[in-house]
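Engineer: Below is the structure I would like to discuss, written out as structure tokens.
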Amino acid sequence: MKKDIKYYLIVIALFGVLQISATEKVNPVSDGNTSAKTIRLSASLLQPFSNLKIVDEFGVVLYEETLKNSLETGKQINFSRLPAGNYFLEMDAPIKQVIIPLQVSGQEAILKLELKTEVFKPFVKLSGTSLLLMNFNPEQTPVTISIYDELGQLLFEETVTDSIELKRSYNFSKVESGNYSLQVKKNGKVFSFPYQG
């Protein structure tokens, strides 16, 4: 019980830090012909995140980078090679993912910070033959939990609504040996956790 309380205190503290960081301004950078298609993300905006992706509207990852040096100096991204269209800038932290819509036209690239979404990632811990699932869900959006066997057959599914703190334990002690997958669907994202029994 004390570990759960510590986990949620850490989540709430990080949530506060991420809220402060995510309100940071994103500035265009003058870069010759491509000034309006170059965006500089400040170090304070990137600080809590470990991974940066640019994804198209179909979910295809066009660019991915592990953030290391950028956490101290910021990051400058030039979108001049992207065709006009809608994209997403995804930034991952250990407990959270922030998705910011990006619109690229012939002349400029615009990050729409006012439309950003934040998804808290589920946390899964192996305890003997059980998987313990914890998820912080401040928006109380529906969360669907599914368990599949190694053939992809659905063994269990439940949808939880109106819950800020989701805690579940799934016992695999009475199932056949094999590979299983626990999937958590939330805010249009699927988080998958393998289990080998």
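The values are calculated or read from the model by the stated rules, or taken from the named source; none is laboratory data. All values reported here derive from a predicted model rather than from experimental measurement. Virtual Cβ from ideal backbone geometry, glycine too; neighbours counted across all protein chains shown.
Engineer: Which of (1) over 26 Å from TYR87 (Cβ atoms); (2) touching a helix residue (DSSP H, G or I) at 6+ places or on another chain (Cβ under 8 Å); (3) buried (at least 16 other Cβ atoms within 10 Å of the Cβ) is the odd one out, the single condition LYS167 does not satisfy?
Structural biologist: With (1) over 26 Å from TYR87 (Cβ atoms); (2) touching a helix residue (DSSP H, G or I) at 6+ places or on another chain (Cβ under 8 Å); (3) buried (at least 16 other Cβ atoms within 10 Å of the Cβ) applied to LYS167, the lone miss is (3).
Engineer: Quick check on my filter: what residues within segment 112-147 are surrounded by 13 or more Cβ atoms within 10 Å (Cβ to Cβ), more than 22 Å from the chain's Cα centre (by Cα) and part of a strand (DSSP E or B)?
Structural biologist: Passing the criteria: only SER130.
Engineer: From (1) part of a strand (DSSP E or B); (2) surrounded by fewer than 12 Cβ atoms within 10 Å (Cβ to Cβ), pick out the condition that doesn't hold for PHE58.
Structural biologist: Among (1) part of a strand (DSSP E or B); (2) surrounded by fewer than 12 Cβ atoms within 10 Å (Cβ to Cβ), PHE58 violates only (1).
Engineer: Looking at (1) touching a Pro at 6+ places or on another chain (Cβ under 7 Å); (2) under 17 Å from ILE110 (Cα atoms); (3) at pLDDT below 70, which one does ASN33 not meet, given that it meets all the others?
Structural biologist: Tallying (1) touching a Pro at 6+ places or on another chain (Cβ under 7 Å); (2) under 17 Å from ILE110 (Cα atoms); (3) at pLDDT below 70, ASN33 fails exactly one: (1).
Engineer: Oh, and also: Looking at LEU46, LEU89, which is the one that is at pLDDT 85 or above and outside the structural domain of VAL184 (by TED's automatic domain parsing)? I'd like the intermediate steps shown before the answer.
Structural biologist: Working: LEU46 fails: at pLDDT 85 or above.
Sole residue among the options that is at pLDDT 85 or above and outside the structural domain of VAL184 (by TED's automatic domain parsing): LEU89.
Engineer: Determine the pairs where a residue that is closer than 9 Å to LYS75 by Cβ, located within segment 42-59, has a partner that is part of a loop (DSSP other than H, G, I, E, B) and of a type in the set (Lys, Arg) with Cβ atoms under 8 Å apart, the partner being 6 or more residues away or on another chain.
Structural biologist: SER42/LYS25
Quick grid of which residues meet (1) touching a strand residue (DSSP E or B) at 6+ places or on another chain (Cβ under 9 Å); (2) of a type outside the set (Phe, Trp, Tyr); (3) part of a strand (DSSP E or B):
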| site | (1), (2), (3) |
| --- | --- |
| GLU64 | yes, yes, yes |
| ILE77 | yes, yes, yes |
| SER80 | yes, yes, no |
| PRO83 | yes, yes, no |
| PHE88 | yes, no, yes |
| MET91 | yes, yes, yes |
| ILE99 | yes, yes, yes |
| LEU102 | yes, yes, yes |
